[in-house]
1. How many residues are assigned to a loop (DSSP other than H, G, I, E, B) and on the phi < 0 side of the Ramachandran plot if we restrict to segment 17-63?
2. Being of a type in the set (A, V, I, L, M, F, W, C) and within 16 Å of ligand 2 (Cβ to nearest atom) narrows it down to one of Phe340, Phe361, Phe335, so name that one.
3. In segment 215-252, what residues are in contact with a Leu (Cβ under 7 Å, 6 or more places away or on another chain) and either within 15 Å of ligand 1 (Cβ to nearest atom) or outside any helix (DSSP H, G or I) (or both)?
4. Check whether at least one residue in segment 100-122 is aliphatic (A, V, I, L, M) and more than 20 Å from Val328 (Cα to Cα), and report yes or no.
5. Yes or no: Gly14 at pLDDT 95 or above, on the phi > 0 side of the Ramachandran plot, part of a loop (DSSP other than H, G, I, E, B) and surrounded by 17 or more Cβ atoms within 10 Å (Cβ to Cβ)?
6. Please go through (1) under 19 Å from Ala121 (Cα atoms); (2) in contact with a Gly (Cβ under 9 Å, 6 or more places away or on another chain) for Val317 and return the number of the only condition it doesn't satisfy.
7. Name, by its number, the condition in (1) out of contact with any Asp or Glu (no Cβ under 6 Å at 6 or more places or on another chain); (2) within 16 Å of ligand 2 (Cβ to nearest atom) that does not hold for Arg283.
8. Identify the single condition in (1) in a loop (DSSP other than H, G, I, E, B); (2) within 16 Å of ligand 1 (Cβ to nearest atom) that Asn325 does not satisfy, given that it satisfies every other one.
Amino acid sequence: MKIKEIRVIVASPGRNFVTVKIITDEGLHGIGDATVNGREKAVVAYLEDHVAPCLIGRDPMQIEDIWQYLYRGAYWRRGPITMAAISGIDMALWDIKAKAANLPLYQLLGGASRDKIMCYAHAQGRTIDDVVEAVLAKKEQGYVAVRAQAGVPGFESIYGIHKKGKKKNVLEGRLPEEEVWSTTKYLRHIPKVFEKLRDVVGWDTHLLHDAHHRLTPIEAARLGKELEPHQLFWLEDAVPAELPEGYRLIRQHTTTPIALGEVFNTIWDARQLIEEQLIDYIRTTSVHAGGVSGLRRIFDFASIYHVRTACHGPTDVSPVAMGANLHVDLWVPNFGIQEFSGYSEATHEMFPHAWSQDGGFLHPGEAIGHGVDIDEAVAAKHPYKRAYLPVNRLEDGTLWHW
Ligand code: GCO
Ligand code: MG
């Protein structure tokens, strides 16, 4: 079998997605997600100008060699753009291999280790009462795990809480929105949110929270400590992880479980955190960390250090990467949880998928391959629209992590 054609499809069914389609000379095709939210066209250029020409005529069954060729073979390696491109190719190749074997992908990985995949939903609200209501609504829908994000009094929009009347994160054609942030005010407010949540929601629902990279290690340590009475499932992305040893300080002070890694691209980004057991959940996802091959390598490594998996799965991780994640989730022995924040109707229509949801649980389905395809006619109806994630400033104007 040979790779005959590689198509890069960019479409915006409510938000932008970059999808790689690999077509073989035997008529089999596979697809992969290569979306980097807010930087989509950079991946498109990387794939079209630099990656695709090298792969035409190659054997699509040589997944590992192609992965190494694109990773090790590039002198300028790693980084989100490169790794999203490799991820898209890798996912599409696994799709082809599983189709050629006439098996659902999880069977090639080693078979199912569980019957269903626990996922967590997003709940957010401007006021504490709104958050409580949003969490209860998710519980009502059957979720056993819910991430709760709350507004901070005095701020109109922060991560997870959007300005009234504004479309979530889709700032079509304009420059990034600028938000304002105060860690002091946030730290004072958040423990009250979880106190109320436990009071009303009870103890049967796992509660999660995402600090979205805004704290310093000592601030994160304090938050973790103050949240201990409310027994969170995890505190996510407390501190940017460019300095992994900073997490030692957090660990010394709190037993609140720590989740990290949605922006990681390789095992090298996660190595020290995993090896020193500074985190409990590794959040790498197929689209940003090297596809199915990258994820498998990171998760196997994590398994020997008591670190469990928790693939990133917001709306900007496409249904294709979600499908790939779910096959890995069904197999991986050290599974923890899968993030799932759902998709627009137009997105479901553009990506017909075998994966399914039953309340708070997901399953990749039994279709051969990874079970997700792209309807190119639907994609053509949703042209790319430039969009950015917001940037964040402190009250005095200092640029901060978003
Ligand atoms: C999450 C994430 C996302 C990111 C988004 C950026 O935990 O789901 O933090 O909401 O902000 O993926 O593109
Ligand atoms: Mg996050």
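The values are calculated or read from the model by the stated rules, or taken from the named source; none is laboratory data. Please read these numbers as outputs of a predicted model, since none were measured by experiment. Every residue, glycine among them, receives a Cβ derived from its backbone with ideal geometry; neighbour counts consider all protein chains shown. Only protein heavy atoms, including side chains, enter the accessible area calculation; ligands, DNA and RNA are left aside. Shrake-Rupley method; radii C 1.70, N 1.55, O 1.52, S 1.80 Å.
1. Total satisfying the criteria: 14.
2. Values: Phe361 fails: within 16 Å of ligand 2 (Cβ to nearest atom); Phe335 fails: within 16 Å of ligand 2 (Cβ to nearest atom).
Going through Phe340, Phe361, Phe335 in turn, the sole match is Phe340.
3. Answer for segment 215-252, where residues must be in contact with a Leu (Cβ under 7 Å, 6 or more places away or on another chain) and either within 15 Å of ligand 1 (Cβ to nearest atom) or outside any helix (DSSP H, G or I) (or both): Leu215, Leu232, Phe233, Trp234, Leu235, Glu236, Asp237, Ala238, Val239, Ala241.
4. If we filter segment 100-122 for residues that are aliphatic (A, V, I, L, M), which is where we start, we get 100-101, 103, 105, 108-109, 112, 117-118, 121.
In the following step, the residues that additionally are more than 20 Å from Val328 (Cα to Cα) were identified as none.
Scanning segment 100-122, I find no residue that is aliphatic (A, V, I, L, M) and more than 20 Å from Val328 (Cα to Cα), so the answer is no.
5. yes
6. Result: Val317 passes all but (2).
7. (1)
8. It is condition (1) that Asn325 fails.
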